[in-house]
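**Student:** One structure coming up, written as structure tokens, with questions to follow.
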Amino acid sequence: ATAFGPTITSLVPPEPVPSPQDFVLWSYFNTLFCNVFCLGFIALIFSIKARDRKIAQDPAGAGSYGRKAKHLNIAALCLGTVTVIACVVLLIVSSSSLRA
């Protein structure tokens with residue numbers, strides 16, 4: 001008879017792959033409040049595409065769409081902020097010129 005020794009097995013869990021961001025909430029905010037040149041809406045479209053790619057287990061595609069959405073959101077937020085500041089300045093200047 002042959003004797004078998006105890007079998008030692010070790011389970012190494014795989015490294016978790018970070019999920020790419022889709023920036024849907026930021027895109028939604030920019031669509032509602034900072035939609036200069038429709039950049040917020042376009043960013044929302046790319047964010048939804050990134051979320052769809054994430055669900056389809058395509059991290060490369062999700063990352064690509066997510067980066068595009070991020071850059072469009074940055075542009076929309078900057079242009080929206082500049083537009084609001086310019087409108088406030090014009091409103092103050094025009095109201096002060098009417099009083100004089």
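The values are calculated or read from the model by the stated rules, or taken from the named source; none is laboratory data. Quick caveat: nothing in here was measured; it's all calculated off a predicted structure. Here the Cβ positions follow ideal geometry from the backbone for every residue, glycine too, while neighbour counts run over all protein chains shown. Just the protein is used for accessible areas: all its heavy atoms, side chains included, with ligands, DNA and RNA removed. Shrake-Rupley method; radii C 1.70, N 1.55, O 1.52, S 1.80 Å.
**Student:** Can you name the residue in the range 52-78 that is hydrophobic (A, V, I, L, M, F, W, C) and surrounded by fewer than 19 Cβ atoms within 10 Å (Cβ to Cβ) and, of all such residues, is farthest from the chain's Cα centre (by Cα)?
**Tutor:** Let us first name the residues in the range 52-78 that are hydrophobic (A, V, I, L, M, F, W, C), namely 55-56, 60, 62, 69, 72, 74-78.
Imposing the further condition that a residue be surrounded by fewer than 19 Cβ atoms within 10 Å (Cβ to Cβ) reduces the set to 55-56, 60, 74-75, 78.
Working: 55: 16, 56: 18, 60: 15, 74: 9, 75: 12, 78: 15 Å.
The residue in question is 56.
**Student:** If a residue must be outside any helix (DSSP H, G or I) and open to solvent by 80 Å² or more (accessible area, probe 1.4 Å), how many such residues does the range 1-29 contain?
**Tutor:** Qualifying residue count, the range 1-29: 18.
**Student:** Let me confirm something: among 32, 72, 91, which residue is in contact (Cβ under 8 Å) with a residue 24 or more places away in the chain and assigned to a helix (DSSP H, G or I)? Don't jump to the end; show me each part of the working.
**Tutor:** Working: 32 fails: in contact (Cβ under 8 Å) with a residue 24 or more places away in the chain; 91 fails: in contact (Cβ under 8 Å) with a residue 24 or more places away in the chain.
Within the list 32, 72, 91, the selection yields 72.
**Student:** Considering the range 46-69 alone, what residues qualify as being of a type in the set (A, V, I, L, M, F, W, C), without any contact (Cβ under 8 Å) to a residue 12 or more places away in the chain and part of a helix (DSSP H, G or I)?
**Tutor:** Once the filter is applied, which keeps residues that are of a type in the set (A, V, I, L, M, F, W, C), without any contact (Cβ under 8 Å) to a residue 12 or more places away in the chain and part of a helix (DSSP H, G or I), the range 46-69 yields 55, 60.
**Student:** Inspect the range 37-49 for any residue being within 17 Å of the chain's Cα centre (by Cα), surrounded by 14 or more Cβ atoms within 10 Å (Cβ to Cβ) and over 22 Å from residue 83 (Cβ atoms) and give the result as yes or no. Full working, then the answer.
**Tutor:** Restricting attention to the range 37-49, the residues satisfying the condition of being within 17 Å of the chain's Cα centre (by Cα) are 38-49.
Checking the rest, the ones that are also surrounded by 14 or more Cβ atoms within 10 Å (Cβ to Cβ) come to 39-49.
Add one more test, that the residue is over 22 Å from residue 83 (Cβ atoms), and what stays is 48-49.
Yes: the range 37-49 contains one or more residues that are within 17 Å of the chain's Cα centre (by Cα), surrounded by 14 or more Cβ atoms within 10 Å (Cβ to Cβ) and over 22 Å from residue 83 (Cβ atoms).
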